[in-house]
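The values are calculated or read from the model by the stated rules, or taken from the named source; none is laboratory data. Remember, it's a predicted structure, so these values are computed and weren't measured experimentally. Every residue, glycine as well, gets a Cβ built from its backbone with ideal geometry; the counts of neighbours run over all protein chains shown. For the accessible areas, the whole protein counts, side chains as well, though only heavy atoms, and no ligand, DNA or RNA atoms are used. Shrake-Rupley method; radii C 1.70, N 1.55, O 1.52, S 1.80 Å.
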Amino acid sequence: MLSLELDLSVIQTKEELMEWLRKSFDFPSYFGGNWDAVEECLYDSCAEDTEILLMNEDDLSDELETELPRLERILKNFNNAGELSIALVHEED
């Protein structure tokens, strides 16, 4: 299982989140940096079960507060569609 850490004290904007996703999942060069592209590239790039640990959620920016639910929906669809899973895990205090 691949384990990734998404540090919300560092990632503050949608653009930063898209770049983190691109690097973390090794998306192809044609990745468009939008939610449709995330969904498409996950199906093409994700090769193993993955856990994304959300770090420093207290530092979540207003912008990402509206964007993270979109990521959660995409991951739910991904998990329902195939054999692999990607889980968002909340950091324990």
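What is the residue count in segment 15-36 for residues that are part of a helix (DSSP H, G or I) and open to solvent by 50 Å² or more (accessible area, probe 1.4 Å)? Even if it seems obvious, please write down each step before you answer.
If we filter segment 15-36 for residues that are part of a helix (DSSP H, G or I), which is where we start, we get 15-24, 35-36.
With the extra rule that they be open to solvent by 50 Å² or more (accessible area, probe 1.4 Å), the set shrinks to 15-16, 19, 22-23, 36.
Residues in segment 15-36 being part of a helix (DSSP H, G or I) and open to solvent by 50 Å² or more (accessible area, probe 1.4 Å): 6 in total.
Among the residues of segment 59-72, is any among the β-branched types (V, I, T) and open to solvent by less than 40 Å² (accessible area, probe 1.4 Å)? Quick ask: steps written out before the conclusion?
Residues of segment 59-72 among the β-branched types (V, I, T): 66.
Now drop any that are not open to solvent by less than 40 Å² (accessible area, probe 1.4 Å), which leaves none.
Checking segment 59-72: not a single residue is among the β-branched types (V, I, T) and open to solvent by less than 40 Å² (accessible area, probe 1.4 Å).
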Problem - Exclusive hit being among the acidic types (D, E), open to solvent by 20 Å² or more (accessible area, probe 1.4 Å) and assigned to a helix (DSSP H, G or I), set E39, E83, E51, E5 - result: E39
Handout entry: Filter result (without any contact (Cβ under 8 Å) to a residue 40 or more places away in the chain, among the β-branched types (V, I, T) and touching a strand residue (DSSP E or B) at 6+ places or on another chain (Cβ under 8 Å)) within segment 40-93
Key = V89
